[in-house]
1. Given (1) within 22 Å of Met325 (Cβ to Cβ); (2) open to solvent by less than 40 Å² (accessible area, probe 1.4 Å); (3) not in a loop (DSSP other than H, G, I, E, B), where does Phe380 come up short, assuming only one miss?
2. May I ask you to list pairs of residues, at least six apart or on different chains, whose Cβ atoms are under 8 Å apart, with the first in segment 1-22 being in contact (Cβ under 8 Å) with a residue 60 or more places away in the chain and farther than 13 Å from Leu171 by Cβ and the second being of a type in the set (Gly, Ala, Ser) and part of a loop (DSSP other than H, G, I, E, B)?
3. Identify, by number, the condition in (1) without any contact (Cβ under 8 Å) to a residue 60 or more places away in the chain; (2) of a type in the set (D, E, K, R); (3) assigned to a loop (DSSP other than H, G, I, E, B) that Asp39 doesn't meet.
4. Open to solvent by less than 10 Å² (accessible area, probe 1.4 Å) and more than 26 Å from Gly95 (Cα to Cα), is that true of Gly419?
5. So for segment 74-82 (the condition being part of a loop (DSSP other than H, G, I, E, B), acidic (Asp, Glu) and surrounded by 22 or more Cβ atoms within 10 Å (Cβ to Cβ)), does at least one residue qualify?
6. Working only within segment 1-34, note down all residues that are open to solvent by 10 Å² or more (accessible area, probe 1.4 Å) and under 23 Å from His104 (Cβ atoms).
7. Would you confirm whether or not segment 332-350 contains a residue that is without any contact (Cβ under 8 Å) to a residue 40 or more places away in the chain, surrounded by fewer than 19 Cβ atoms within 10 Å (Cβ to Cβ) and within 30 Å of Val36 (Cβ to Cβ)?
Amino acid sequence: MALIIAGERSGVGKTTVTLMLLAYLSQRLQVQSFKVGPDYIDPMFHQYVTKRPCRNLDLILTNDAYVKQSFKHHTQGVDCALVEGVMGLFDGATGIDDTASTAHIARLLELPVLLVIDCSRLSRSVAAIAHGYRSFDPRVKIAGVVLNRVGSDRHLQLLQEALESIQLPILGVLRRSDDLTIPDRHLGLVPTAEMTQLDQLIDKFAQLGETCFDWEQLLPLLKRVNGFSVTTEDEEKLASATHSISLRIAVARDRAFSFYYPDNLEILVQLGAEIVYWSPLTDPDLPENIQGLYFGGGFPEVFAQQLTENKSARVAVKKAIERGMPTYAECGGLMYLSQAIVDFECQSWSMVDIIPATAIMDSRLTLGYRRANVLQSPLFKTGTVIWGHEFHRSRLNEIPTEPLFELQGYNSSSLMLEGWQAYQVHASYLHLHFGGNIAIPQQFLQRCLKFRGSQLSEQD
């Protein structure tokens with residue numbers, strides 16, 4: 001029923017391979033896609049192709065039970081599923097073990113792996129690489145390999161002869177091509193909403209998907225069925241949650257703010273909220289009759305001038321927050337609520353001015369899982385420990401006087417203070433997955449309920 005597309009390292013073309021497979025299969029079958037890890041952008045491309053939300057499988061932001069439950073739930077009623085891995089097959093949160101790696105997910109879900117190898121500078125050594133990956137952990141089943149960036153017929157012959165010695169099937173061959181590249185920038189691929197030629201690229205992927213893969217061997221792998229039986233404690237809480245609270249939450253969603261886990265939004269709805277999308281780029285005001293604000297991550301630095309020019313939206317957000325409207329902001333959302341954004345050209349653009357700091361773009365990438373000990377927050381009890389993920393090239397020019405979190409790297413003893421609060425705002429660089437702890441959205445909605453109560457009292 002499912003297959004994992006893994007790379008022998010980052011940059012070997014596993015996203016391209018995944019999109020080719022999805023494009024071909026989606027023309028014929030109902031396909032559900034998944035992405036290992038915390039990434040937001042690759043799943044946008046999956047969804048564009050399959051017309052179904054891609055689901056993240058992250059064992060640190062959530063847990064084993066949630067990953068298994070999510071996989072089981074979202075593969076119901078589809079013909080097959082594809083899981084795109086992260087980094088190299090065995091690359092996890094540390095070098096000590098493969099926790100949260102693609103291999104970890106493969107073992108947990110008992111799925112075969114299709115290994116993508118960059119052959120641009122290889123011939124016979126391809127067999128050593130493939131053999132090493134197959135034997136490194138016998139619990140991970142390598143079903144076959146995809147040879148990517150093959151230069152010529154003679155090059156392919158050398159690769160085939162080398163792999164014959166270890167009897168590992170070649171399930172796909174992709175020739176070297178410069179016109180199959182998806183453009184990228186400082187945080188990865190350019191999101192789908194900004195690509196004007198995406199339909200043509202996906203059509204080409206579908207054509208290559210049909211001709212470059214051995215479907216006689218691939219389709220039987222995709223028909224494999226796993227019989228999980230798992231119900232998480234949080235799933236039981238969601239099933240018993242009341243849906244009569246009647247709250248409207250304004251979610252910023254446009255080209256500047258597009259980093260949202262679909263699970264987060266769906267959990268809010270399951271808990272009784274109505275999601276109302278709006279655009280800080282183009283809408284002159286907030287939606288009517290709302291009781292909460294949610295700003296996800298994205299690329300506000302790319303659209304900083306447009307955000308600045310939409311002054312009426314910035315004023316509306318500031319007034320709502322100053323009235324006490326509960327507001328949850330992650331990364332790009334934090335930047336939007338700051339005083340200003342200084343872009344890569346060192347030009348400053350005015351923002352909402354709730355957080356007393358300026359977000360400055362930097363060449364340094366801040367990346368990794370974080371263990372967050374809650375110091376104080378509108379959403380958490382002091383002392384609560386949660387897991388999140390950072391991924392940004394900006395920094396704030398001020399240190400919070402009353403930080404939300406004491407952060408620690410996954411396997412690090414160093415500590416850092418992070419996160420801002422003001423009024424009923426929780427703003428942080430930390431991305432959170434509500435599937436790991438539904439107490440997060442529950443507490444947020446409770447704050448929104450109290451705010452609605454104050455709204456009704458003012459009307460009386």
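1. (3)
2. Hits for this filter: Gly7/Gly13.
3. (1)
4. yes
5. Checked segment 74-82: no residue is part of a loop (DSSP other than H, G, I, E, B), acidic (Asp, Glu) and surrounded by 22 or more Cβ atoms within 10 Å (Cβ to Cβ).
6. Met1, Glu8, Arg9, Ser10, Gly11, Gly13, Lys14, Thr15
7. no
Every residue, every condition in (1) more than 30 Å from Gly453 (Cβ to Cβ); (2) among the hydroxyl-bearing types (Ser, Thr, Tyr); (3) at pLDDT 95 or above; (4) touching a Phe, Trp or Tyr at 6+ places or on another chain (Cβ under 6 Å), yes or no:
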position	(1), (2), (3), (4)
Gly298	yes, no, yes, yes
Ser312	no, yes, yes, no
Trp349	yes, no, yes, no
Leu367	yes, no, no, yes
Thr382	no, yes, no, no
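The values are calculated or read from the model by the stated rules, or taken from the named source; none is laboratory data. These figures come from a predicted structure and were not determined experimentally. Using ideal geometry, Cβ is built from the backbone for each residue, glycine included, and neighbour counts are taken over all protein chains shown. Only protein heavy atoms, including side chains, enter the accessible area calculation; ligands, DNA and RNA are left aside. Shrake-Rupley method; radii C 1.70, N 1.55, O 1.52, S 1.80 Å.
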